[in-house]
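The values are calculated or read from the model by the stated rules, or taken from the named source; none is laboratory data. Small disclaimer: the values here were computed from a predicted structure and weren't measured. A quick note on method: Cβ atoms are made from the backbone with ideal geometry, for glycine too, and the neighbour counts reach across all protein chains shown.
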Amino acid sequence: MNEGPTKKPGLGRQARTWLTRLQNLRAAGGPDAPALSLRDPWPGDPARGARLVMAELEFGGAVLPVHHDIFAAAPGATRILRAHLHGFTWLRDLRALGTDAARSRARALVMDFMDTPKPEPIAYAPDVAGARLASWLGHYDFFAASADDEFRQALMSRLVQDARTLSAALPAEFQDGRALTALKGLTATSIALPDHVPHLQRVVKFLVPELERQFHADGCHVERSPAAHLLALQDLTEIRALMQAGGKTPPPELLTTIEHAAAAMRALRHGDGGLALFNGSKEELANLVDLVLAQAGRARGTLAHLKSCGLFRIAAAKSVLFMDAGSPAAPGLDRFAHAGTLGFEYSFGKDRIIVNCGAAPALAGDWTSALRSTAAHSTLIVADTSSAEIMANGLGRRPLNVNVARQDGGGIIWIEANHDGWKQVFGAVHHRRLGLSENGEELQGEDAIEAETPQPFAIRFHLHPNVTASLAQDDETVLLRTPSGLGFRLKAEGAVPRIESSVYFGQSEPRRAEQIVLPGHQDGPQHIKWTITKA
């Protein structure tokens, strides 16, 4: 995944880094214990904790064997997996397991890290260092409070040194949400170790402009990813809680941003409480999202319109429709970006029906790119070519113009959009029109290609793995059945539907699924209408 782009370090940052190194060489350790006890607010997974006790770190569907020199090198692991390893957020999984073996494993791995002469460079990336500092302090009572004096002194000294190094590295070079994680780590150390890391004013100095840059006025995060939005909101609520725990007044800009970001977070959920699957997102457990929103506070019914991030949402009775009708995130903010422009998801009650395939950013190999491709989204694809060029650090070629309008009329709420992602390669523009009835029981769609030279295409409807599909006797209607027993019919004008296999990475483990495909031919209609109707 994305290692950049980043802002180039300036002479001021280089000078601060050298001064900090000299200060750390002359420093005589740290305090005996944190001046203030902190507590990590997020739940862990005891199953992942049990795997870690058995020397396997599982994260995002990827598994990393944990060996004695793991912090020196983790060959084959993605940036996200290595960041997770060195960020120590997995301490919450060991804490959730709560056994003596879990506590011993936590202590041993922290000691392994401190004893590693040259950890991987990623260990000192601002976001990774920030996550590690907050995790060590947030779980101090679990793995360190009962340890011997030598371990605790080594830990406290390392906390002070790494916090000084992190402070010197600010502002964080990454332009995306990772800058907030860096600021969270420095906040935690400034509150817990105020006599040794008095850097809270420096946190506020960089936090306020970062909030303005990373969040739109309606609360949407600039990365256009529900998953990135959730992580950013978690970091902001932690920063606020840390400041309050230390008797400090959070800046008003932080309070306002949390309120607006929480409203946007509520709007990014399906009826089952999980996240919509756009741009690197998985469903996430509904109780985690509930907890984050509870920490954020404010009225539960408040929703943002999401217009600024281009993820349009229509709710009608029990139905929720999402459509990605915005331009991809800008370079430097597109680490999670998918080629899913004009893709949609549709749920009825707590049943997800039409979905995107999800994401596996921690996995190495072809899966990550495949899940980011247009074919892994419920949208149209031209000539088996993605609407944006998938690159390791974001997107290359991409739609330059995405136009959208929302209209209400005739008992139907419409979203009409188009994009030019294939303009450079095929001279083609994709037009899509989606309409949801006021009772939520009928979804109408139209897809058209505007091109001088017609191209083959396919319209894909990826089904949630809990949904079963079968062709009716007329071979022109697809019957869908949800886990709760509801039935839906998909019919099309201008194409004969096929049922094909698919895969779903929207949950903790990949699952087999199905998809409905409406094939289009160069010499056939370039305009197809379709409907999904509750039976």
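General remarks:
- Looking across Gly394, Gly358, one residue alone is in contact with an Asp or Glu (Cβ under 6 Å, 6 or more places away or on another chain) and within 27 Å of Leu64 (Cβ to Cβ). It is Gly394.
- Ala168 free of Cβ contacts under 8 Å to residues at least 60 places away in the same chain and either assigned to a helix (DSSP H, G or I) or farther than 26 Å from Thr237 by Cβ (or both): no
- Some residue of segment 435-444 being farther than 30 Å from Arg512 by Cα, surrounded by fewer than 18 Cβ atoms within 10 Å (Cβ to Cβ) and among the polar types (S, T, N, Q): yes
- The listed residue being within 25 Å of Arg152 (Cβ to Cβ), basic (Lys, Arg) and touching a Leu at 6+ places or on another chain (Cβ under 7 Å), out of Arg95, Arg105: Arg105
- 1 or more residues closer than 19 Å to Gly49 by Cα and basic (Lys, Arg): qualifying helices (runs of 4 or more DSSP H) within segment 68-144: 79-87, 91-97, 100-115, 126-138
- Number of the condition not met by Leu321 [criteria: (1) part of a loop (DSSP other than H, G, I, E, B); (2) touching a strand residue (DSSP E or B) at 6+ places or on another chain (Cβ under 6 Å)]: (1)
- Yes/no for Ala96 being over 25 Å from the mean Cα position of the chain (by Cα), within 29 Å of Ser281 (Cα to Cα) and surrounded by fewer than 23 Cβ atoms within 10 Å (Cβ to Cβ): no
- Selection within segment 47-68 - under 15 Å from Arg95 (Cα atoms), crowded, with 20+ Cβ neighbours inside 10 Å and among the hydrophobic types (A, V, I, L, M, F, W, C): Leu52, Leu57
- Pairing residues of segment 104-115 that are of a type in the set (D, E, K, R) with residues that are buried (at least 17 other Cβ atoms within 10 Å of the Cβ) and not in a helix (DSSP H, G or I), at Cβ distances under 8 Å and at least 6 apart in sequence or on separate chains, gives Arg107/Ala144; Arg107/Ala147; Asp112/Ile70; Asp112/Phe71.
- Spans of strands (runs of 3 or more DSSP E) in segment 338-432 with at least 1 residues buried (at least 22 other Cβ atoms within 10 Å of the Cβ): 344-348, 351-355, 380-382, 412-422
- The set of residues from segment 267-295 being assigned to a helix (DSSP H, G or I) and under 23 Å from Asp40 (Cα atoms) comprises Ala286, Asn287, Leu288, Val289, Asp290, Leu291, Val292, Leu293, Ala294, Gln295.
- Matching option when the condition is without any contact (Cβ under 8 Å) to a residue 60 or more places away in the chain, of a type in the set (Asp, Glu), closer than 30 Å to Ser327 by Cβ and out of contact with any Ser or Thr (no Cβ under 9 Å at 6 or more places or on another chain), among Glu446, Glu416, Glu438, Glu476: Glu416
- Tally of residues being over 12 Å from the mean Cα position of the chain (by Cα), in contact (Cβ under 8 Å) with a residue 24 or more places away in the chain and either crowded, with 24+ Cβ neighbours inside 10 Å or part of a helix (DSSP H, G or I) (or both) across segment 214-248: 13
- Segment 249-266, subset assigned to a helix (DSSP H, G or I) and without any contact (Cβ under 8 Å) to a residue 24 or more places away in the chain, residue farthest from the chain's Cα centre (by Cα): Pro252
- When we screen Leu85, Leu137, Leu91 for residues that are closer than 19 Å to Gly185 by Cβ and touching a strand residue (DSSP E or B) at 6+ places or on another chain (Cβ under 9 Å), the only hit is Leu85.
- On inspection, Pro126 does not qualify as of a type outside the set (Asp, Glu) and at pLDDT below 95.
- Tally of residues being without any contact (Cβ under 8 Å) to a residue 40 or more places away in the chain and either under 28 Å from the mean Cα position of the chain (by Cα) or surrounded by 21 or more Cβ atoms within 10 Å (Cβ to Cβ) (or both) across segment 519-535: 0
- So Asp162, is it over 19 Å from Leu85 (Cα atoms) and without any contact (Cβ under 8 Å) to a residue 40 or more places away in the chain: no
- Yes/no for Ala125 being within 23 Å of Ala192 (Cα to Cα) and free of Cβ contacts under 8 Å to residues at least 40 places away in the same chain: no
- Taking the numbered list (1) assigned to a helix (DSSP H, G or I); (2) without any contact (Cβ under 8 Å) to a residue 12 or more places away in the chain; (3) not small (Gly, Ala, Ser) in turn, Pro198 passes all entries but (1).
- Odd one out for Asp408, checked against (1) out of contact with any helix residue (DSSP H, G or I) (no Cβ under 8 Å at 6 or more places or on another chain); (2) touching a residue at least 12 places away in the same chain (Cβ under 8 Å): (2)
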